[in-house]
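Okay, structure first, notes after.
The values are calculated or read from the model by the stated rules, or taken from the named source; none is laboratory data. On a predicted model such as this, the values are computed, not experimentally measured, just so you know. Please note: Cβ atoms are built from the backbone with ideal geometry, for glycine as well, and neighbour counts cover all protein chains shown. Side chains are part of the model used for accessible areas, which takes the heavy atoms of the whole protein and leaves out ligands, DNA and RNA. Shrake-Rupley method; radii C 1.70, N 1.55, O 1.52, S 1.80 Å.
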Amino acid sequence: QTAKEVTGHARLEEIMDIWRELMAYDPTDPDDKPEWEGTSAALLAQMNLHEGLRAVLRTYSPTNFARALNKLQKEGSGSFMKGKQVGTRYLWLVQLPKQKKS
């Protein structure tokens, strides 16, 4: 477990969990969606919109972020996301949690 925690993909999975919580959707809002879809570069840009995540994402370029997402998925982590080829682009579908009621 300790070895897994220090790996890059475990770190990315933790970052993704934080981002997903920030992006939680409201099921009562018809404009809100239960998933996010886009390229790895668009995902990295979207995650960087959150000031608290910028510092931990600073080490990722769009290329190594895409590689890290692929590795996360191949190693069985990140069950909340899946990638798919659409034409010449590779898109990621990330499931978002429901907003917690306050």
Task: Dimensions (Å) - region 1-97, Cα atoms, principal axes, largest first - done: 42, 33, 24
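Compare F80, F65 by solvent-accessible area with a 1.4 Å probe and give them largest first, with all protein chains kept in place. Don't skip to the end; give the middle numbers.
Numbers: F80 20, F65 0 Å².
If we order F80, F65 from most to least accessible, we get F80, F65.
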Task: Probe 1.4 Å - accessible area at V86, Å² to nearest ten - done: 70
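Taking loop as defined by DSSP and a crowding limit of 13 other beta carbons within 10 Å, which trypsin sites (Lys or Arg not before Pro) in region 9-64 fit?
Values: sites: R11, R20, R54, R58; in loops: R58.
Loop-located and lightly packed - R58.
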Open item on the list: Run the numbers for L91 and N64: contour at 0.36 nm per residue of separation, minus the present Cα-Cα distance, in nm.
Closed with: 8.2 nm
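Between S79 and L49, what length comes free when the chain is fully extended (0.36 nm per residue of separation minus the Cα-Cα distance, one decimal in nm)? Walk me through the numbers before you get to the answer.
On the way: separation 30, 0.36 × 30 = 10.80 nm, distance 2.34 nm.
Separation in residues times 0.36 nm, less the Cα-Cα distance, equals 8.5 nm.
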Open item on the list: Charges at C-beta only: +1 for Lys and Arg, -1 for Asp and Glu. How large is the resulting dipole of the chain about its Cα centre, in Debye rounded to 20?
Closed with: 380
Open item on the list: Which one, P97, V86, V56, projects farthest toward the positive side of the charge dipole computed for the chain from Cβ point charges (K/R +1, D/E -1)?
Closed with: V86
TODO: Give the accessible area for S61 in Å² (nearest 10); use a 1.4 Å probe, count only protein heavy atoms, and leave out ligands, DNA and RNA.
DONE: 50
